[in-house]
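Input: a single structure, listed below in structure tokens.
The values are calculated or read from the model by the stated rules, or taken from the named source; none is laboratory data. Predicted model only: the values in this text are computed from it and were never measured. Positions of Cβ are backbone-derived with ideal geometry, glycine not excepted, and every protein chain shown enters the neighbour counts. For the accessible areas, the whole protein counts, side chains as well, though only heavy atoms, and no ligand, DNA or RNA atoms are used. Shrake-Rupley method; radii C 1.70, N 1.55, O 1.52, S 1.80 Å.
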Amino acid sequence: MQYPVVIHKDPDSDYGVTVPDLPGCFSAGETIEEALEGAKEAIECHLEGLLMDEEDIPLPAAIDAHRNDENYRDGIWALVSVDITQLSGKTKRVNVSVPERLLKKIDGFAARHNETRSGFLVSSALEAMGRESVAAHQIAAGDV
């Protein structure tokens, strides 16, 4: 899963990183690289906490969804990849049947996005379930 982050730097300070889709998730570093590595750790820790509290993992929005926010206007945008299959400790191996041609497409897509097959399948499942959850909330709120 790739979360958009915004990098900002004030004079006489380190680089700061904000994760718009995860309120309260921040990082910093002396270099952009250090700040981004810290952001990855911060995102993983934040998501791990959500999982421990049995809360849903917020899905990342596109950078364009955040660009017009005044808080991020002067920032530099980047994507931070997080393999959510490595979170929350124990994983369970499952056996699924997938047509060979589709499996090749899945593997190619995952590789192009620096993900593992498992990571891609899990993030795709979470995204699908998140869309359903958002739709249910919108219906309940009368937004649809």
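At a glance:
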quantity: Lys104/Asp53 FRET efficiency (R0 41 Å; Cβ-Cβ; nearest 0.05); calculated: 0.65
quantity: Rounded to 10°, Cα long-axis angle of helix 32-52 versus longest principal axis of the chain; calculated: 50 degrees
quantity: Protection proxy ranking, peptides 91-99, 104-112, average beta carbon neighbours within 10 Å, highest first; calculated: 104-112, 91-99
quantity: Carbon and sulfur %, accessible surface of the chain computed with the full protein complex present, 1.4 Å; calculated: 51 percent
quantity: Rel. contact order, % - alpha carbon contacts under 8 angstrom, at least six apart, the chain; calculated: 25 percent
quantity: Peptide ranges 52-58, 81-87 listed from the most packed, as the mean C-beta count within 10 angstrom indicates; calculated: 81-87, 52-58
quantity: For the chain: lysine pairs under 25 Å (alpha-carbon distance), excluding those fewer than 8 apart on one chain; calculated: 5
quantity: Between 0 and 90°, nearest 10: helix 117-141 axis offset from the chain longest Cα axis; calculated: 80 degrees
quantity: Sites Glu34 and Ser97, calculated FRET efficiency, Cβ-Cβ separation with R0 35 Å, nearest 0.05; calculated: 0.20
quantity: Neighbourhood charge, 11 Å Cβ-Cβ cut-off, centred on Ile32 and excluding it, Lys, Arg +1 and Asp, Glu -1; calculated: -4
quantity: Shape category assigned to the stretch 1-109 from the gyration tensor of Cα positions, a/c cut at 1.5; calculated: prolate
